[in-house]
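Presented below is the structure to which this report refers.
The values are calculated or read from the model by the stated rules, or taken from the named source; none is laboratory data. The model shown is predicted, which means the values in this text are computed figures rather than measured ones. In this analysis, Cβ positions are derived from the backbone assuming ideal geometry, glycine residues included, and neighbour counts consider all displayed protein chains.
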Amino acid sequence: MKAPTVISMIGDLIDARHTMNAHCRGCGRTSTVDLEALPRRLGLDFVYVRARIPFSCAVCGSKEVSITIGGGHGFSGGQGERR
Ligand SMILES: [Zn+2]
């Protein structure tokens, strides 16, 4: 069981070394989002859980893109690495 961790801002995701994947519902393609590049567009305190990140698919141009958060080495159960 994973401990609940409140991460709501892009800066939190980067700090926790999470990854973000964008899945296009139009063509089914999944690609990894460059989290380091997002703050330049949206700001580190962009609250991604409340807003829709304006992604569009690079392949088919669809705006029906869903975001999946994965990875994260800092919050994997409490006894992991600490900084
Ligand atoms: Zn697509």
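Considering only region 2-18, I want to know if a residue exists there that is exposed (fewer than 15 other Cβ atoms within 10 Å of the Cβ), touching a strand residue (DSSP E or B) at 6+ places or on another chain (Cβ under 8 Å) and modelled with pLDDT under 85. Checked region 2-18: at least one residue is exposed (fewer than 15 other Cβ atoms within 10 Å of the Cβ), touching a strand residue (DSSP E or B) at 6+ places or on another chain (Cβ under 8 Å) and modelled with pLDDT under 85. Restricted to region 28-55, and to residues there that are surrounded by 14 or more Cβ atoms within 10 Å (Cβ to Cβ) and assigned to a loop (DSSP other than H, G, I, E, B), the residue that is farthest from the ligand (Cβ to nearest atom) is LEU44. Counting just the residues of region 10-27 that are in a helix (DSSP H, G or I) and among the charged types (D, E, K, R), which one comes out farthest from the ligand (Cβ to nearest atom)? Going through the qualifying residues, I end up with ASP15. Cβ-Cβ distances below 8 Å connect the following pairs, each with a first residue in region 20-47 that is more than 15 Å from ILE67 (Cβ to Cβ) and in contact (Cβ under 8 Å) with a residue 24 or more places away in the chain, a second residue that is of a type in the set (A, V, I, L, M) and within 13 Å of the ligand (Cβ to nearest atom), and a separation of six or more residues or different chains: CYS27/VAL59. Going residue by residue through region 61-79, is there one that turns out to be outside any strand (DSSP E or B), modelled with pLDDT of 85 or more and loosely packed, with under 11 Cβ neighbours inside 10 Å? Yes.
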